[in-house]
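Colleague: Take a look at this one; I'll ask things after.
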Amino acid sequence: VRHGRVADSGPQQVAMANVSAELMWPIVRDQSCFAIKRKVTGRSGMGKAGPRFTKEPNNVTGINSFKYSGLVNAKTVGLRQANKGVVLTKKTRKPERLIHPSKLYNNVSLTKDFRRVANAIIKETQANYYRADLTKDVLAKWSLIHAAQKRSK
């Protein structure tokens, strides 16, 4: 310490505060800027609130629930359309990349035929023990994207 200042020992890495997903979900659930709320007139099984959807990244189904949330879960899977094929996005597992938001996600471009892309999705999610519960949802989204790409040709 010199003249009331702490000596600089070079660049330091500051870890982000770790908050559990279970604690973050009640905060994000209703207050997210990605949430889409539509009131339903008349009778419905959901009451007057209507269905809750979201536009958040890495939410495969678009349903606003803890299971599918791409914001609060430590492991998320996203699938988006590219010029040719799709891009599979997952959160990284490496702790040294967690403090860099720009390096937080791994993107894999999948440009082969339908069957090979489906097998790659299964390997990345289910066989890799990443998010086996989302495998069917990601495959359903891949099927929709593939059909749309086929129609546009």
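Colleague: Which value, in Å² and to the nearest 10, is the accessible area of residue 100 when all protein chains are kept and the probe is 1.4 Å?
Modeller: 70 Å²
Colleague: Counting only residues 5 or more places away or on other chains, whose amide H sits under 5 Å from the amide H of residue 50 once H atoms are built in the peptide plane?
Modeller: 40
Colleague: Taking the Cα centre of the stretch 93-153 as origin, sum charge times position over the Cβ atoms of Lys and Arg (+1) and Asp and Glu (-1), and report the length of that vector in debye to the nearest 20.
Modeller: 220 debye
Colleague: Distance from a point 7 Å along Cα→Cβ of residue 114 to each backbone N in the stretch 124-153: keep the residues under 18 Å and list them by number.
Modeller: Counting backbone N atoms under 18 Å from the label point, the list is 136-153.
Colleague: If you take every residue apart from residue 21 with its C-beta less than 12 Å away from the C-beta of residue 21, what net charge results, scoring Lys and Arg +1 and Asp and Glu -1?
Modeller: That works out to +3.
Colleague: Something else now. Can you work out the FRET efficiency for the pair residue 83 and residue 39, with r the C-beta to C-beta distance and R0 = 35 Å, to the nearest 0.05? Don't skip to the end; give the middle numbers.
Modeller: Values: r = 38 Å, r/R0 = 1.09.
Here the calculated transfer efficiency is 0.40.
Colleague: How far apart, in nm, are two points set 7 Å out from the Cα along the Cα-to-Cβ line at residue 149 and at residue 133?
Modeller: Reported label-point gap for residue 149 and residue 133 is 2.9 nm.
Colleague: Short version: ³J(HN,Hα) in whole Hz for each residue of the stretch 115-124, in order, from phi by Karplus 6.51 cos²θ - 1.76 cosθ + 1.60 (θ = phi - 60°), x for Gly and Pro, what are they?
Modeller: 5, 5, 5, 4, 5, 5, 5, 4, 5, 6
Colleague: On to the next question. From the cross-link list 39/94; 94/136; 91/112; 37/141; 94/150; 39/123, which pairs have alpha carbons spaced over 31 Å apart?
Modeller: 39/94; 94/150; 39/123
Colleague: Give, as a single signed number, the net charge of other residues whose beta carbon lies under 10 Å from the beta carbon of residue 90, with Lys and Arg counted +1 and Asp and Glu -1.
Modeller: Counting the neighbours of residue 90, the net charge comes to +3.
Colleague: Considering only protein heavy atoms, what per residue accessible area in square angstrom results for the stretch 86-137 with a 1.4 angstrom probe?
Modeller: 64 Å²
Colleague: Within a Cβ distance under 12 Å of residue 110, other residues only, what is the Lys/Arg minus Asp/Glu net charge? Display every interim value, and only then the final one.
Modeller: Working: positive: 80, 84, 112, 115, 116, 123; negative: 113, 124.
Every neighbour counted, the sum reads +4.
Colleague: Compute the Cα gyration tensor for the stretch 19-153, then decide on rounded, prolate or oblate, letting a ≥ b ≥ c be the square roots of its eigenvalues: rounded whenever a/c is under 1.5, prolate when a/b is larger than b/c in the other cases, and oblate in all that remain.
Modeller: Taking the square roots of the gyration eigenvalues as a ≥ b ≥ c, the stretch 19-153 is oblate.
Colleague: Please label the shape of the stretch 89-129 as rounded, prolate or oblate, based on the square roots a ≥ b ≥ c of the eigenvalues of the alpha-carbon gyration tensor (a/c under 1.5 means rounded; beyond that, a/b larger than b/c means prolate, else oblate).
Modeller: Taking the square roots of the gyration eigenvalues as a ≥ b ≥ c, the stretch 89-129 is oblate.
Colleague: Here is a follow-up. Applying the Karplus parametrisation 6.51 cos²θ - 1.76 cosθ + 1.60 with θ = phi - 60° to the phi angles of the stretch 23-28, what ³J(HN,Hα) value in whole Hz is obtained for each residue in order, glycine and proline being reported as x?
Modeller: Those phi angles translate into 7, 6, 4, x, 6, 7 Hz.
Colleague: Under 1.5 on a/c is rounded, so check that first for the stretch 57-96, then, if it is not, pick prolate when a/b is larger than b/c and oblate when it is not; a ≥ b ≥ c are the square roots of the alpha carbon gyration tensor eigenvalues.
Modeller: Details: a/c = 3.69, a/b = 1.18, b/c = 3.13.
It comes out oblate by the Cα gyration axes.
Colleague: To the nearest 10 Å², what's residue 144's accessible area with a 1.4 Å probe?
Modeller: Number for this one is 130 Å².
The values are calculated or read from the model by the stated rules, or taken from the named source; none is laboratory data. Predicted, not measured: the structure shown is a model, and the values here were computed from it. A quick note on method: Cβ atoms are made from the backbone with ideal geometry, for glycine too, and the neighbour counts reach across all protein chains shown. Heavy atoms of the whole protein, side chains included, go into the accessibility calculation; ligands, DNA and RNA do not. Shrake-Rupley method; radii C 1.70, N 1.55, O 1.52, S 1.80 Å.
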